[in-house]
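Encoded as structure tokens, the structure appears first; notes follow it.
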Amino acid sequence: MRTPTTEADFVVVSNRLPVDRSSEDEPWRRSPGGLVAALEPVLQSTGGAWVGWPGQPDVEIDPFAVDGMDLVPVSLSTDDVELFYEGFSNDTIWPLYHDVISPPAYHREWWDAYVRVNERFASAAAAAAAPAATVWVHDYQLQLVPRMLRELRPDVVIGYFHHIPFPAYGIYSQLPWRKQVLEGLLGADVIGFQRVADAGNFARAVRRQLGFETKAGSIRVPVPDELGGGVRTAIAKAYPISIDTAAYDEIARRPEVQTRAREIREGLGDPAVVLFGVDRLDYTKGIGHRLKAYGELLAENRLDVADVTLVQVASPSRERVAAYMQLRDEIELTVGRINGDQDTVGHTAIRYLHQAYPREEMVALYLAADVMLVTALRDGMNLVAKEYVASRIDGRGVLVLSEFTGAADEMPQAIRVNPHDIEGLKDAIVTAIDMPLAEQRRRMRALRRRVRDHDVAHWSRTFLDDLRGVSR
Ligand code: GDG
């Protein structure tokens, strides 16, 4: 193992480091994911560093390296995890920014922990960055870091990318600390969002709350006298994130993955149609709406359990937050009811899996699915939609996609749905099942072209090019 010895010209800052280990005696392993895939080459070529929490509370870990990436751990106590992470990040900001699907809780001690932990990340980033380095901060857990870092290190260029939606002003303005969060974000030179609408919502909040002038994606930010005075320009713009498309394509071409896809269908009793949903078990993903629509289609005999099975993978998520415990109970009650009413001895309506799977198994499931159901009520992007398309090397399959996902802006060939409209969702599922093969291929061809040309490397290049254009 190598220890970082010099300051880095490129620093990534995110809540979690891109590594995991099962216990303190085990070696660190890279966690799979598009962000690591996109940033690893940049980190390796620039000798960059990644600052983040290693995932275990109450341990101090020295900087270390994995696969040539220099990692700088920030430690969090058990209290920090409860107040900053589960509290303010996942029970205040997450529900507020997803259009209050679940009511956000506002607690001053959560906010205090958020400020304290953001300061810790900012200091770690400031210490890791070489003179005039580029620092790229990620996501809603760290919205105060850009400004804190700018105060500590006015010489560095700062980018921030927001992975989740930025809500409309009427919702955002609920936040008791709405000014501080905007000021925190405006410490960045480039503030990236998933959708054009998110960037627009942010600019409006800045105008209304801070009175700064905004024009076509640039915001004029006054600079305090102690930092030189005058006005600087921050860019707030959409950079839709994507996946490592080639990696999905490659996995889908492996003979053993194709064999596994066939086995999955056989294991389900070879139904004529396999519907598939995969989500973190989160109230933003519209799993309940999907189940309701599907259950009604069966109850009304528009679908027959002898012909159709829905596979729903709901991977465990945020299990210590009350809203997530309640959601799990609701979903499992609904699945149990539908299966109880509709199953026969030989056929099951819903194969429900509260588990996480290796990526190869996910791709086999994508290949086994005739129809992919993405019915999120609000989603920054939704990578599952893109992964499904990237895996369909056979050019078949139909994507049903909620208009409330960022992906909907880029994927007009999907069947677009409003998941709140249960009748519309039911019709869309039937349309998807009945879609002729030629039409499936036509749509899938266009979708595949889109995710091939706009992969995660394209996303990071576009963002970093804009960041490089920032002069100091
Ligand atoms: C946030 C934003 C935005 C899920 N279960 C398993 C598994 N997954 C993988 C999927 C996909 C990822 O997790 C989920 O990404 P999504 O984009 O669908 O959603 P969030 O987790 O909410 O992500 C979102 C994203 O950030 C990126 O900016 O798109 O809007 O909410 O990659 O495949 N992967 C494996 N096993 C599982 O059981 N291997």
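The values are calculated or read from the model by the stated rules, or taken from the named source; none is laboratory data. Keep in mind the model is a prediction, meaning the values are calculated, not measured. When we count neighbours, we look across all protein chains shown, and the Cβ atoms used for this are built from the backbone with ideal geometry, even at glycine. These area figures cover heavy atoms from the full protein model, side chains too; ligands, DNA and RNA do not enter into them. Shrake-Rupley method; radii C 1.70, N 1.55, O 1.52, S 1.80 Å.
If we count GluC sites (Glu not before Pro) as exposed when they sit in a DSSP loop and have at most 10 other beta carbons within 10 Å, what is the longest stretch of the chain that avoids them all?
Here the longest run is 61-299.
What trypsin sites (Lys or Arg not before Pro) does segment 52-132 have in DSSP loop regions with at most 16 other beta carbons within 10 Å?
Numbers: sites: ARG108, ARG116, ARG120; in loops: none.
Taking segment 52-132 and a limit of 16 other Cβ atoms within 10 Å, no loop trypsin sites (Lys or Arg not before Pro) are found.
Rounded to the nearest Å, what's the spacing between the alpha carbon centres of segment 37-76 and segment 145-224? Just the number, please.
Centre-to-centre (Cα) distance: 26 Å.
What spacing in nm lies between the two simple spin-label points modelled at GLU256 and ARG416, each 7 Å away from Cα in the Cβ direction?
Here the modelled spin labels are 4.2 nm apart.
Could you please report the charge total around ASP20, scoring K, R as +1 and D, E as -1 over all other residues with beta-carbon less than 11 angstrom from its beta-carbon?
Surrounding charge for ASP20 is +3.
Once the piece of chain linking ASP112 and ALA356 is laid out straight, how much longer is it, given 0.36 nm per residue of separation minus the C-alpha distance between them?
Length difference between fully extended and current span is 84.5 nm.
Under the classification rounded if a/c is under 1.5, otherwise prolate if a/b is larger than b/c and oblate if not, where does the chain fall, given a ≥ b ≥ c as square roots of the Cα gyration tensor eigenvalues? Please list the in-between numbers first.
On the way: a/c = 1.78, a/b = 1.64, b/c = 1.09.
Prolate shape, in that a/c is at least 1.5 and a/b is the bigger ratio.
Quick one: with all protein chains in place, what share of the accessible area of segment 40-136 is carbon or sulfur, to the nearest percent (1.4 Å probe)?
Working: 1770 of 3490 Å².
Carbon-and-sulfur percentage of accessible area, whole number: 51.
Please report how far the C-alpha centroid of segment 108-142 lies from that of segment 389-428, rounded to the nearest whole angstrom.
37 Å
Return a whole-number percent for the relative contact order of the chain, with Cα pairs under 8 Å and 6 or more residues apart as the contact set.
With pairs under 8 Å counted, the relative contact order is 13 percent.
What whole-number value in Å² describes the accessible area per residue of segment 1-87 for a 1.4 Å probe?
With all protein chains present, segment 1-87 gives 46 Å² per residue.
Want the number for VAL345 to SER75: 0.36 nm per residue separation, take away the alpha-carbon distance, what's left?
Between VAL345 and SER75, full extension yields an extra 92.0 nm.
Below 8 Å between Cα atoms, with a sequence gap of 6+, how large is the relative contact order for segment 281-351 in percent?
45 percent
What number of lysine-lysine pairs in the chain show an alpha-carbon separation below 19 angstrom, given a sequence spacing of 8 or more or placement on distinct chains? Write down the numbers at each step before the final one.
Numbers: LYS215/LYS237; LYS285/LYS386; LYS285/LYS426; LYS292/LYS426.
Taking the chain as the scope, the lysine pair count is 4.
If you project the alpha carbons of segment 245-453 onto their three principal axes, what span does each projection cover, largest first, in Å?
41, 37, 32 Å, listed from the longest principal axis down.
May I ask you to compute the full-extension gain from ASP155 to GLU60, defined as 0.36 nm times their residue separation minus their alpha-carbon distance, rounded to one decimal in nm?
Going from the current span to full extension adds 31.3 nm.
Not counting ligands, DNA or RNA, and with a 1.4 Å probe, what is TRP28's accessible surface area in Å² rounded to the nearest 10?
30 Å²
Provide the per residue accessible area, probe 1.4 Å, for segment 245-453, rounded to a whole number of square angstrom.
For segment 245-453, the per-residue accessible area is 41 Å².
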